[in-house]
1. Filter the range 138-174 down to the residues that are more than 14 Å from the ligand (Cβ to nearest atom) and part of a loop (DSSP other than H, G, I, E, B), then identify the one that is nearest to Ile26 (Cα to Cα).
2. Taking Arg92 and the conditions (1) open to solvent by less than 10 Å² (accessible area, probe 1.4 Å); (2) more than 10 Å from the ligand (Cβ to nearest atom); (3) touching a Pro at 6+ places or on another chain (Cβ under 9 Å), which numbered condition does it fall short on, given that it satisfies the others?
3. Is it fair to say Val94 is out of contact with any helix residue (DSSP H, G or I) (no Cβ under 8 Å at 6 or more places or on another chain), modelled with pLDDT of 95 or more and at negative phi?
4. For the range 108-137, which positions are in contact (Cβ under 8 Å) with a residue 60 or more places away in the chain, open to solvent by less than 20 Å² (accessible area, probe 1.4 Å), within 11 Å of the ligand (Cβ to nearest atom) and not in a strand (DSSP E or B)?
5. Looking at the range 1-15 only, could you name the residues that are loosely packed, with under 13 Cβ neighbours inside 10 Å and not in a loop (DSSP other than H, G, I, E, B)?
6. May I ask you to verify whether Asp29 is acidic (Asp, Glu), modelled with pLDDT of 95 or more and within 17 Å of the chain's Cα centre (by Cα)?
Amino acid sequence: MMRDVAEILLTREEIRARVQDIGYQISRDFQEKDLLLVGILKGSMIFLADLLRVIQIPVLIDFMSISSYGAATASSGVVRILKDLEEPIEGRNVVVVEDIVDTGLTLSYLMRNLQSRQPKSLRICALLDKPARRIVDVDIAYKGFSIEDRFVVGYGLDFAEHYRHLPYICVLKDEVIKGGNHS
Ligand code: PRP
């Protein structure tokens, strides 16, 4: 275990098994349909890559990159689109892939935005859900795990852009968070 890690909440085996289940579920639900997975950068990258490889039907991918306007406007949930989808999604079956749903503000804004483009269907797939932090209700069709309100990193999730590479979901030691001294 890496020296900055206090506790592993979800092991790579637990994540692998759950991702496999979600992949099967999505494959069943979208049989005979054209499926587009939309990854929200950067946190969903590893989840999306693993999910993609257990989906057993034809599937395309695209990405969006968004940035919130910061703390002052956090409650509005308005986000800025830094990189938009390459193709229109009108009439298509879209599953938005996120690493974590926290307050729900980011996704509720994003879903309104994507819905206005008139997809045939639009669903959310999120690896992690922190229900204790929710401000806006969002409907997560495919959910990996519900976790308690703790700051987690790994498997794509970061602390100041670090730790995304860890193959498990974990909590960092207090001194790492306070000191900002990450490796
Ligand atoms: C995370 C996550 C969601 C958002 C969830 O992204 O990927 O987009 O925060 O929070 P919310 O439910 O409170 O809106 P982050 O801003 O950490 O960017 P990253 O994916 O590039 O790490």
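1. Ala141
2. Tallying (1) open to solvent by less than 10 Å² (accessible area, probe 1.4 Å); (2) more than 10 Å from the ligand (Cβ to nearest atom); (3) touching a Pro at 6+ places or on another chain (Cβ under 9 Å), Arg92 fails exactly one: (1).
3. No: the conditions fail for Val94.
4. Within the range 108-137, just Leu110 meets the criteria.
5. Of everything in the range 1-15, those that are loosely packed, with under 13 Cβ neighbours inside 10 Å and not in a loop (DSSP other than H, G, I, E, B) turn out to be Glu7, Glu13.
6. no
The values are calculated or read from the model by the stated rules, or taken from the named source; none is laboratory data. The structure displayed is predicted, hence computed values, not measured ones. In this analysis, Cβ positions are derived from the backbone assuming ideal geometry, glycine residues included, and neighbour counts consider all displayed protein chains. Accessible surface is based on the protein model in full, side chains and every heavy atom, while ligands, DNA and RNA are left aside. Shrake-Rupley method; radii C 1.70, N 1.55, O 1.52, S 1.80 Å.
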